[in-house]
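One structure below.
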Amino acid sequence: MLVVTLLFDLSGIATMGSAAFLLIYAAVNAGHLNVLRQTGASVLIVWASLITCLVMFVVLAVYTYQEQPAAIAALVIIAVASFAAEWSYRHWTGRTLKDHA
C-alpha cells in the first residue's frame with residue numbers, strides 16, 4: 001500500500017478502491033444467484049444488480065484508462081497478486097471451498 005500511495009494521487013487511489021468494490025459487489029451478487037431459493041430474493045433484482053456492477057466497472061475502467069492508465073496497470077497487478085496469494089495459501093494449507101448447492 002505504501003508503494004501505491006507514493007505512486008498515485010488521491011483520485012487514482014480512490015478510483016482503484018471503487019473498482020475493487022464494484023468487483024466485490026459483482027462477485028457477491030453472482031454468489032447470491034446460487035442461493036436464491038434460500039434467501040427468497042428476486043431473480044430480476046439480483047441479475048440487475050450484478051449487471052449494473054459489471055457495467056459500472058467497465059465504465060470506470062474506460063474512464064480510468066483515459067485519465068490515468070497507470071492506475072489500470074496497478075489495479076491489474078494488484079488483482080493478479082491477490083489471486084496468486086489466495087492460490088498459494090490454498091495450495092499450502094489444502095483449504096478448499098465447500099459446495100453449498
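The values are calculated or read from the model by the stated rules, or taken from the named source; none is laboratory data. All of these numbers come straight from a predicted model, not from anything done at the bench. All Cβ positions, even for glycine, are placed from backbone atoms using ideal geometry, and neighbour counts span all protein chains on display.
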- line: How many residues of the range 19-47 are modelled with pLDDT under 90 and under 30 Å from ALA70 (Cα atoms)? The answer is 2
Scope the range 54-101; condition part of a loop (DSSP other than H, G, I, E, B) and either without any contact (Cβ under 8 Å) to a residue 24 or more places away in the chain or among the aliphatic types (A, V, I, L, M) (or both); matching residues: GLY94, ARG95, THR96, LEU97, LYS98, ASP99, ALA101
Pair list, Cβ < 7 Å and 6+ apart or interchain, from the range 1-15 residues that are farther than 19 Å from TYR65 by Cα and among the hydrophobic types (A, V, I, L, M, F, W, C) to residues that are part of a loop (DSSP other than H, G, I, E, B) and at pLDDT 75 or above: none
task: Could you check how many residues of the range 24-53 are without any contact (Cβ under 8 Å) to a residue 40 or more places away in the chain, surrounded by 11 or more Cβ atoms within 10 Å (Cβ to Cβ) and assigned to a helix (DSSP H, G or I)?
output: 20
